[in-house]
Amino acid sequence: TLPGGLGSMAFADISLNYMKVQAPIVSGSLETIPREGATVVVANHPFGGIEGVIMARMLQQVRPDVRIMANGLLQRVPELRETFIGVNPYGHSRARKENLKPLREALRWLQGGGLLMVFPAGDVSRFRPLEGVVRDEKWEASIARIIRHSGADVVPVYFEGRNSVLFHAMGLLHPRLRSLMLAREMWSKRGARIAVHIGKAIAHRNLMTLGGNDEIARYLRLHTYLLASATAEKGAGILSERPSGSKTRKAPVVDAIAPPVLGEEVKGLPDEQLLAESGAMQVYYAHAEQIPWTLQEIGRLREITFRAVGEGSGRPSDIDLYDSFYLHLFIWNSETQEVVGAYRLGLADEIYSRFGKRGLYSYSLFRYSKRLLKAINPAIELGRSFVRVEYQRSFTPLLLLWKGIGQFVQRHPRYSVLFGPVSISNDYSSTSQQLLVDFLRANNYDDKLGRLIRPRTPYRGQLNPVWRKAELAGMGTIDNVSELVALQEEGEKGVPILIKQYLKLGGRMLGFNVDRHFNDCIDGLNMVDLLQTDPKILQKYMGKEGAASFLAHHRQAEQRQA
C-alpha cells in the first residue's frame, strides 16, 4: 500500500522502483529541455501508460511546472491527478467534443510559461499489417495548433519498445479489446528496460516555416522517430567506412604540380576568359588544351576532395575522357599560386552535334532519349565541382564559382538551362540518403522530364522507412530536412551544399542513380531553368545589368518566335 499524500514525482519514483523498470537515456540529455518558458515535449506512444509515468519523473527533475496530456484513465490515479491533463484518445466525434476543454487547459498552461508533455498520436501505437511494423498513427494537428498559438519551443522524445503480440492481435479484431489490455500490458513491463532518446529543442520560429498544422505534426512525428534511427545506425558503425559495392582499390594520389608551372599556364589565358575575381582569387574558364598541367592538378584535387567525403574514382587522379572536350571553370589564388576549386562545363548542344548522347557524362549514369535533349537544349551540363578542403570553411569559393557560371551564361545567353548530376555521398547514413531522395521526389521532382530518363543503376531504399513518402510532401524547405539529416550524421552535417544551391535556383530532379564507379554515391540528375529562377538570385551571380541583359535576350527570342 502506498502512503497517502504522495506527489506525482514521488509516486512515479515508487512505482517505477516497485516495478523494477529502468528508463536510461541512451541518446540526448535532459539538458536540452529549456529550464523556463513555454515548452512542449512530444513523444511516441508505444505502451499506453508506463511512458507517461517515466516522463513525469524525468521532466520534474528539470523543472516543477510540468503537465502531461495523456489518456484520461491515468487521472484516476489520485497521485497523478494534478500533473495529468486527461483526454479521450479515441477519435470519434464525441471524443473531439470532450477534448476541447483539456486542449484549452493545455494552451492556458503554455501561455503561462509552463511545460506540456504530449503524446500527439492520442492512442497507443498499433500494428500496421501492410507495413509489418508497430508505430503511432497520424499525429493530431491539434498539438500543432497549441504550439502555434502558445509560441512554444518543442523537444522530441522517443521511447524504444512495443506492447505484446497478443495486444496487437486483439487490436486487429477490435480497438476496444486492445484498450482493455492496457492495464495488463503496463504490468507486463515489470523488470523492463525502456530506452529513451531525447532530441534537441526545435525553435518555434523554425516550425512556423513548415506551413499548416498537419505539416508541423508530420514533421514532429518524423523528427521523433528519426532519433532512434540515428542511434541505431551510429551504434552499428554504419557511418564509418561502410562497405562499398565497388571493388575498386584506392591508388595513391599523384604528386602536386609545381606552382610556377601552373602560374605560367594561367598567366597565358586570354583576358576574356577571366569571369570573376575577389581579392587574390580569380575565376577563369579554359579548354583542356590551354591548361594541360592545370587540368592535371584539378584532377588530383578532385580525387583528394571527393575521397574526403566518401566519393572518388579510386584512381591516382580523377581525370577521364570527358575532360578532354569539356570546358573547365576554376578558381586561381594568385597569392598562393594554387587552384582553389573548379567546375566542369559541357556545352550540350555542341557536344551532342559532335559525339551524340554518349558524349555527355550524364548519359553514362542515365539513359535518356533525344526528346530530353530537345526539351532542354541549348543547355550546359555541370559536374565534377569541388572546393579544396582548406577553403571549405568559407562560402566565398563556392560563391565565386557560381559567379563564374553566371558570367559565362550572361556572355553566352543562348544557354538558359543547367543540368547534371549532384551527389549524395556514401559518407551519409542509409537513412539520410533515403530521406533526401524521398523528400526530393516528393517536393522537387519533374514528372514530365523524369519520364524521359532511366538510371543505369536505380537507387533502391529501405522497405520500411520511419516515414511514409506521402508524408514528406509539403514539408517546408530543404533546410527543414537538413535538420533531420543532421540527426543521423556524425558532426551533424546537413544536406549537401550543392543540393541546397540548385534548389535555391529552382532546380528539379529527374532521377536517381547509384554510381558504382564513384564509391557508390547516389547521383541525382538535376535540371535548372534559369528563366524560372528568382531574378534576385540571377542578379547575385550575373550582376544587375547582366541578369537584365540575359532575360531581355530571351524575351526578344520569344517575340521573334511568336
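The values are calculated or read from the model by the stated rules, or taken from the named source; none is laboratory data. Everything numeric in this text was worked out from a predicted model, so none of it was measured. With ideal geometry, Cβ positions are generated from the backbone for all residues, glycine too; neighbour counts draw on all protein chains shown. These accessible areas exclude ligands, DNA and RNA; they are computed on the full protein's heavy atoms, side chains included. Shrake-Rupley method; radii C 1.70, N 1.55, O 1.52, S 1.80 Å.
Here are some notes:
- Amide hydrogen proximity for residue 445: with H placed 1.01 Å from N in the peptide plane, the residues at 5 or more positions away or on another chain lying under 5 Å are 509.
- Contact order, relative form, for the chain: 13 percent (alpha carbon pairs under 8 Å, 6 or more residues apart, mean separation divided by residue count).
- Within region 235-383, the proportion of C-alpha pairs whose separation exceeds 29 Å stands at 28%.
- Cα-Cα over 32 Å, subset of 200/469; 250/357; 250/504; 267/544; 448/536; 357/504: 250/504
- In this rough spin-label picture, where each label sits 7 Å from Cα along the Cβ direction, the residue 261-residue 561 distance is 4.7 nm.
- Here is how the number arises for the chain: DSSP H runs of 4 or more residues each give -39500 (n - 2.57), the sum is divided by the residue count, and the result at 222 nm is -11500 deg cm²/dmol.
- Size of region 361-401: Rg and Dmax of its alpha carbons, in Å, are 15.3, 42.
- Each 10 Å bin from 0 upward holds the following percent of the Cα-Cα pairs of region 81-222: 10, 35, 37, 17, 1.
- Whether region 332-475 is rounded, prolate or oblate, judged on the alpha carbon gyration tensor where a/c under 1.5 counts as rounded: oblate
- Ranking 354, 384 from most to least accessible surface, computed with a 1.4 Å probe over the protein chains only, gives 354, 384.
- Heavy-atom accessible area order for 176, 315, largest first, 1.4 Å probe: 176, 315
- Relative contact order computed over region 470-526 (Cα-Cα under 8 Å; 6+ residues apart), in percent: 21
- Computed over region 431-492: relative contact order in percent, which uses C-alpha pairs under 8 Å that are six or more apart: 55
- Positive minus negative residues near residue 547 (Lys, Arg vs Asp, Glu; Cβ under 10 Å): +2
- The alpha carbon radius of gyration of the chain, expressed as a multiple of 2.2 N^0.38 Å, is 1.16.
- Taking all protein chains together and rolling a 1.4 Å probe, residue 139 ends up with roughly 10 Å² accessible.
- Rounded to the nearest 10 Å², the accessible area of residue 281 at probe 1.4 Å: 30
- Mean projected area (nm²) of the alpha-carbon convex hull when region 396-540 is viewed from all directions: 9.8
- Each Lys or Arg adds one and each Asp or Glu subtracts one; over the other residues with Cβ under 15 Å from the Cβ of residue 496, this totals -4.
- DSSP-defined beta bridges in the chain - what % are antiparallel, rounded to 5: 70
- Within the assembled protein chains, the solvent-accessible surface assigned to residue 334 is about 50 Å², based on a 1.4 Å probe.
- For region 406-489, the equivalent ellipsoid derived from the Cα gyration tensor has semi-axes of 28, 16, 14 Å, listed largest first.
- Net charge contributed by nearby residues that have their C-beta within less than 13 Å of residue 160 (K/R +1, D/E -1): +3
- Summarising the label geometry, the points placed 7 Å from Cα in the beta-carbon direction at residue 29 and residue 165 lie 4.1 nm from one another.
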